Amino acid sequence: MAVIDLRSVTLWVTDATVPVAAGAVNFTAGYPAVLPFTTGASSTIVVDTFAAKVPVGAYVQFGTHMQFYEVLASTPTTGASTGLTLYPALLSAQADDAVINVIHNGIYAKLGEGNLTYSEKRNLIYVRDRGYIDTMKVGDDEPIDVALDFTWEFLRSAGAGYVPTIEEAVKQVGQASTWVSTSADPCEPYSVNVWLLDIPPCGTDAESIQLPEFRWTSLDHDLKGGKVSVKASCNALYAIINHTTP
């Protein structure tokens, strides 16, 4: 078991859009994992049972595996997808008929020298009897507080066809203006989900941490430091944590 290492953690921001229903791997022998991870390496796989074309730029996951894969190419040009090129290259073996879930709009967040911290809190109230601690009760719920620092590249994407920036995604502007809030209540302010995927290079274990209904409260831009600092809160008591395989 490895201590968490920032170098093995990826951070993703997603909305609630589901662009295409699930499909499956269509290759009798299945596909092996391509390890170790290599920057720029991709996997091309044959697929079936998709009812429509999986859009380039969408993200997919295999069954219960948590790794997000970006769709770099989707064939044929029209009609339901029968082939996908994915990045990164497959980090785990995928058998024939493995379910492929097309997930929400999403972006990979480059942390650079930044960090993410989150705090879960309990409001405990102690009741005294003539000045002595006697009993206690749980007070009001407290939301998760999040602090995120990421590399300041461009704050706006180049336009149509380009991936939204982190700031566009959390603000629902620019290329993320059509993103769908992750809150089930349409009357609540817009929110996204933030995911931390911890996939150590050793062993076969991995862990996902989801910070649901993430809403920014401040964005601090540090020109000299080349970073943006986000403070946010989540409409949840606890992060959603799953221990699984890559």
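Going by what's in this entry, would Thr28 be described as in contact (Cβ under 8 Å) with a residue 24 or more places away in the chain, part of a strand (DSSP E or B) and either hydroxyl-bearing (Ser, Thr, Tyr) or loosely packed, with under 15 Cβ neighbours inside 10 Å (or both)? Step through it out loud before you land on a result.
On the way: in contact (Cβ under 8 Å) with a residue 24 or more places away in the chain: yes; part of a strand (DSSP E or B): no; either hydroxyl-bearing (Ser, Thr, Tyr) or loosely packed, with under 15 Cβ neighbours inside 10 Å (or both): yes.
Considered against the rule, which asks whether it is in contact (Cβ under 8 Å) with a residue 24 or more places away in the chain, part of a strand (DSSP E or B) and either hydroxyl-bearing (Ser, Thr, Tyr) or loosely packed, with under 15 Cβ neighbours inside 10 Å (or both), Thr28 comes out as no.
Looking at (1) surrounded by fewer than 17 Cβ atoms within 10 Å (Cβ to Cβ); (2) in contact with a strand residue (DSSP E or B) (Cβ under 7 Å, 6 or more places away or on another chain), find the lone condition where Tyr69 falls short.
(1)
Rundown of residues vs (1) among the charged types (D, E, K, R); (2) closer than 30 Å to Leu72 by Cβ; (3) not assigned by TED's automatic domain parsing to the domain that holds Asn123, yes/no style:
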position	(1), (2), (3)
Ser181	no, yes, no
Leu196	no, yes, no
Pro201	no, yes, no
Leu211	no, yes, no
Arg215	yes, no, no
Asp220	yes, no, no
Lys227	yes, yes, no
Lys231	yes, no, no
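Answer yes if at least one residue in the stretch 98-115 is surrounded by fewer than 14 Cβ atoms within 10 Å (Cβ to Cβ), farther than 22 Å from Arg7 by Cα and either at pLDDT 85 or above or assigned by TED's automatic domain parsing to the domain that holds Ser229 (or both), and no otherwise.
For the stretch 98-115, residues surrounded by fewer than 14 Cβ atoms within 10 Å (Cβ to Cβ), farther than 22 Å from Arg7 by Cα and either at pLDDT 85 or above or assigned by TED's automatic domain parsing to the domain that holds Ser229 (or both): absent.
Hey, can you tell me all the residues within the stretch 199-246 that are among the small types (Gly, Ala, Ser) and under 15 Å from the mean Cα position of the chain (by Cα)? Write out each step before concluding.
Here is the first cut: in the stretch 199-246, the ones among the small types (Gly, Ala, Ser) are 203, 206, 208, 218, 225-226, 229, 232-233, 236, 239.
Passing the criteria: Ala206, Ser208, Ala239.
Which of the residues that make up the stretch 209-229 are touching a Ser or Thr at 6+ places or on another chain (Cβ under 7 Å) and crowded, with 16+ Cβ neighbours inside 10 Å?
Those that are touching a Ser or Thr at 6+ places or on another chain (Cβ under 7 Å) and crowded, with 16+ Cβ neighbours inside 10 Å: Pro212, Glu213, Phe214, Arg215, Lys227.
Condition test on Phe154, is it touching a residue at least 60 places away in the same chain (Cβ under 8 Å) and either buried (at least 17 other Cβ atoms within 10 Å of the Cβ) or among the aromatic types (Phe, Trp, Tyr) (or both)?
Spelling it out, it is not the case that Phe154 is touching a residue at least 60 places away in the same chain (Cβ under 8 Å) and either buried (at least 17 other Cβ atoms within 10 Å of the Cβ) or among the aromatic types (Phe, Trp, Tyr) (or both).
Can you find, within the stretch 126-173, the residue that is nearest to His221 (Cα to Cα) among those that are hydroxyl-bearing (Ser, Thr, Tyr) and over 25 Å from the mean Cα position of the chain (by Cα)?
Per the stated criteria, the residue is Tyr126.
Search the stretch 182-207 for residues being in a strand (DSSP E or B) and of a type in the set (Asp, Glu), and hand back the single one that is farthest from Trp12 (Cα to Cα).
Once the filter is applied, the top-ranked residue is Glu207.
Can you tell me which of Thr78, Thr135 is more than 19 Å from Ala22 (Cβ to Cβ) and assigned by TED's automatic domain parsing to the domain that holds Trp179?
Residue meeting the stated conditions: Thr135.
Mind checking which pairs have a first residue in the stretch 69-97 that is farther than 17 Å from Phe37 by Cβ and a second that is of a type in the set (Lys, Arg) and modelled with pLDDT of 90 or more, Cβ under 8 Å, 6 or more apart or different chains?
From residues that are farther than 17 Å from Phe37 by Cβ, the pairs are Ser74/Lys53; Thr78/Lys53; Gly79/Lys53; Ala80/Lys53; Ser81/Lys53.
The values are calculated or read from the model by the stated rules, or taken from the named source; none is laboratory data. Everything numeric here is computed off the predicted structure, so don't read it as measured data. Neighbour counts run over all protein chains shown; Cβ positions are idealised from the backbone, glycine included.
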